[in-house]
Each structure stands twice: as C-alpha cells, then as structure tokens.
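One structure is given below, encoded as structure tokens.
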Amino acid sequence: MKIDVVSIFPVFFNVLELSLLGKARARGMLDFAVHDLRDHTHDKHRTVDGTPAGGGAGMVMKAEPWGSALDSLIAGGTDPLLIFPAPAGEVFNQRLAHELAAEKHLIFGCGRYEGIDQRVFDEYTARARVKLVSLGDYVLNGGEVATVAIIEAVARLLPGMVGNPESLVEESHEGGMLEYPNYTQPAVWRGREIPEVLRSGNHAAIAKWRAEQRLLRTRELRPDLLGDAD
Ligand code: JB8
C-alpha cells in the first residue's frame, strides 16, 4: 500500500516510526511519504492561508497550494482514495479501517485553521474518490492527529503485520463486540484470582466463557454496538 500525507506540520508523523508502522515499512508492505504543503507555495512567506470570503473569524487554507500538492499525488494513475479528516466527516470505525486497508493508495489531506477552501473538495471530488472522515464527535485543531490514528488503525490490518492473525479476530470491535477480559500470571494478585475456567485446560469451556463475556461486556459498556438503546 502507498500512503501519502499532505500537511503543514510534517513532524506530526514522526511518531508513526515508533509504532508498528516502522515495521510495515521495513517489511516493504507500506510505502509512506509526508509532503509539506508549504513546498507548494511560491511567495517569500510560503503563505498557505487567507482571510475568509464574506468575513468572519480565523483563516482558511488557500486552494492553490492544495491544488499543486494533490495534482502531483493523483497523477500516477493509481486510483487513489483522498481522505480529508473533518468534523463533518463519516465517523471512523473498525469497518472503515478494513475498507481502507484494502485500498492500494491513500492520500490524506490535513487541514488547519478553519479548514480548506471548499473548491478543493469540489475539484477533487470531480476527479478522484474523496472521503471526509471524523475520529468522533469532537473538534481537533487540524487533521494531523486524526490522520495518525487512522494510519495506525489501517497499517496494523495489512497482511503479515500481526504475528498471529487470530489476535485481530478476537479483539474489540471485531464481530461488532468488545473483547473478553484478559489475564496473565500470577494466578493470584492481591487476593484476586484468574477465573477458574481459564485454568481448567478445557478449551471448549474457555471459548464458551469468552463468548459470554464478550456479550455481557458489550451489553453493559456499549449496548449501542448490539443495536440496543443506550
Ligand atoms: C481544521 O476535529 B477534526 C478536524 C478539525 C480541523 C481540521 C480537520 C479535522 C482542520 N480543524 O477531525
């Protein structure tokens, strides 16, 4: 998979080297590049923002640098998916992470200030596939943190990224439920025991207990995932 990111703060993405993204790149499963939007300006001050048309607070990202950056990235004929983090976007979840993991080329456009000139969305919606994506119903200062989260969620789903693929099936939000509780040695910690069934060696009983725990925990903590009222 190829992932390109356009941002005025490229250093935000250094953190991805620490997580399993570094592993994905080393294994040749991911070709990741960050591009500084200011490299697509031509004035002395490398200006990326302007005052809002019609007036109002804050600044808006200018269309020209975005046009230059995105033109060069979509030119390769890779049928990329352009993703713009935005509070108005589709709320990100594990289903969407799997969808994105099946793409060949993702391009993330990270807005700042009050956002990007609307004509950029209009232009690239006409020329490519575009998705607005939101991490959740709260507001960040820009798209960078959301992009880091989305890339981490997607990269770990790429084939060969997780040693035991079963750990991907059993975790929270797979199969629309939360994970069962986990335990490890010692058998007793501060008087608290590991549930007896997990030490029974009865694999059928363990599987049954874990399935029950997933359902109980999901009902208790996230009834919305089961389609129940919360
Ligand atoms: C300016 O909360 B967010 C988000 C907030 C933003 C921009 C992009 C995304 C750009 N503020 O998802």
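The values are calculated or read from the model by the stated rules, or taken from the named source; none is laboratory data. Note that the structure is a prediction, hence the values are computed from the model and not measured. Using ideal geometry, Cβ is built from the backbone for each residue, glycine included, and neighbour counts are taken over all protein chains shown. Side chains included, ligands, DNA and RNA excluded: accessible areas come from the protein's heavy atoms. Shrake-Rupley method; radii C 1.70, N 1.55, O 1.52, S 1.80 Å.
Given the conditions (1) under 22 Å from residue 16 (Cα atoms); (2) surrounded by fewer than 19 Cβ atoms within 10 Å (Cβ to Cβ), which single one is not true for residue 154?
Here residue 154 clears every test but (2).
Here is a yes/no grid of residues against (1) closer than 30 Å to residue 72 by Cβ; (2) open to solvent by less than 60 Å² (accessible area, probe 1.4 Å); (3) more than 16 Å from the ligand (Cβ to nearest atom):
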site: 134; (1), (2), (3): yes, yes, no
site: 150; (1), (2), (3): yes, yes, no
site: 192; (1), (2), (3): no, no, yes
site: 199; (1), (2), (3): no, no, yes
site: 213; (1), (2), (3): no, yes, yes
site: 219; (1), (2), (3): no, no, yes
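If we scan segment 162-171, do we find a residue that is under 29 Å from residue 11 (Cα atoms) and open to solvent by less than 80 Å² (accessible area, probe 1.4 Å)?
Within segment 162-171 (the criterion being under 29 Å from residue 11 (Cα atoms) and open to solvent by less than 80 Å² (accessible area, probe 1.4 Å)), the answer is yes, since at least one residue qualifies.
Residues are listed down the side, and each one gets a yes or a no for (1) closer than 15 Å to residue 133 by Cα; (2) open to solvent by less than 20 Å² (accessible area, probe 1.4 Å); (3) modelled with pLDDT under 95:
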| site | (1), (2), (3) |
| --- | --- |
| 61 | no, yes, no |
| 65 | no, yes, no |
| 68 | no, no, no |
| 72 | no, no, no |
| 81 | yes, yes, no |
| 94 | yes, no, no |
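Cβ-Cβ below 9 Å, separation at least six or inter-chain, first residue in segment 197-214 and hydroxyl-bearing (Ser, Thr, Tyr), second part of a helix (DSSP H, G or I): which pairs?
200/206
Hey, among the residues in segment 105-132 that are exposed (fewer than 15 other Cβ atoms within 10 Å of the Cβ) and more than 12 Å from residue 81 (Cα to Cα), which one's farthest from the ligand (Cβ to nearest atom)?
126
Considering 148, 169, which residue is under 30 Å from residue 212 (Cα atoms) and among the β-branched types (Val, Ile, Thr)?
169
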